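Working notes, beginning with the structure itself.
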Amino acid sequence: MLHILKCSWLMPSAWALVISAAIATPAIAEEMTGDAVPAMPQTVEESPFASEREAVIWRQDELKELERLLRQLRFDIVNNQDAREAAPRLAILEEKATQAHFLPAFIAGTHGRGSDARPEIWEEWADFAAGFSDLEQKVATLVDAAEQEDYRAATRAFSDVGLSCKSCHRAYRYN
């Protein structure tokens, strides 16, 4: 049941991407499990996407969805102090706010027209990838605090998640 709650937001096309990512990019998935910097997809063929444009649109949509999710979690955790209500959204956040979820969509050179990404992403790949590692750690701290119903710690952790997002946006995204 929890798995259904965690993933029910996915549309059929997103499911196809998730499945194809698991099948088409085993090398990327393997590299993301260790401490090594995940490989940067150099071409569309090294990614789960049919085109560079599809990858750009997907990552923009997913990042916007992450922002919406964080707004909902702020309401649940900070405003209402309701960890139970937040639990399904926290599970989704934990699943989505990861290197494994996002980095395959950053195919080398997919910046410019129609993208908010700065070219520094690909020039500073290790630092960019580390930003997602930092985000994963901050999200884990948030989840732990919420599960313990320590709302003071959860509020601090929520703020840290936001700062992690903002620091990456400042360096790697056109506003």
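The values are calculated or read from the model by the stated rules, or taken from the named source; none is laboratory data. All values reported here derive from a predicted model rather than from experimental measurement. FYI the Cβ positions are ideal-geometry reconstructions off the backbone, even for glycines, and counts take in every protein chain you see. Accessible surface is based on the protein model in full, side chains and every heavy atom, while ligands, DNA and RNA are left aside. Shrake-Rupley method; radii C 1.70, N 1.55, O 1.52, S 1.80 Å.
A few points about this structure:
- Taking the criterion of being over 12 Å from residue 55 (Cα atoms) and either of a type outside the set (A, V, I, L, M, F, W, C) or at pLDDT below 95 (or both), the residues of segment 110-124 that qualify are 112, 113, 116, 118, 119, 120, 123, 124.
- Within segment 103-137, being among the hydrophobic types (A, V, I, L, M, F, W, C) and touching a Pro at 6+ places or on another chain (Cβ under 6 Å) holds for 103, 107, 129.
- Listed by position, the helices (runs of 4 or more DSSP H) contained in segment 100-175 that have at least 1 residues being open to solvent by 20 Å² or more (accessible area, probe 1.4 Å), under 16 Å from residue 60 (Cα atoms) and without any contact (Cβ under 8 Å) to a residue 12 or more places away in the chain are 151-172.
- Residue that is modelled with the highest pLDDT [pool: residues in segment 21-67 that are open to solvent by 70 Å² or more (accessible area, probe 1.4 Å) and of a type in the set (Gly, Ala, Ser)]: 50
Results for (1) among the hydrophobic types (A, V, I, L, M, F, W, C); (2) under 28 Å from residue 82 (Cα atoms), shown as yes or no for each residue.
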{"position": "101", "(1), (2)": "no, yes"}
{"position": "115", "(1), (2)": "no, no"}
{"position": "123", "(1), (2)": "no, no"}
{"position": "136", "(1), (2)": "no, yes"}
{"position": "154", "(1), (2)": "yes, yes"}
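- Residue in segment 80-88 that is under 21 Å from residue 169 (Cα atoms) and either open to solvent by 40 Å² or more (accessible area, probe 1.4 Å) or modelled with pLDDT of 95 or more (or both) present: no
- Number of residues in segment 70-99 that are in a helix (DSSP H, G or I) and either more than 22 Å from residue 166 (Cα to Cα) or among the aliphatic types (A, V, I, L, M) (or both) equals 14.
- Residues in segment 89-120 that are touching a Lys or Arg at 6+ places or on another chain (Cβ under 9 Å) and closer than 16 Å to residue 174 by Cβ: 106, 110, 111, 114, 115, 116, 117, 118.
- Every listed requirement among (1) in contact with a Phe, Trp or Tyr (Cβ under 7 Å, 6 or more places away or on another chain); (2) open to solvent by 20 Å² or more (accessible area, probe 1.4 Å) is met by residue 71 save one, (1).
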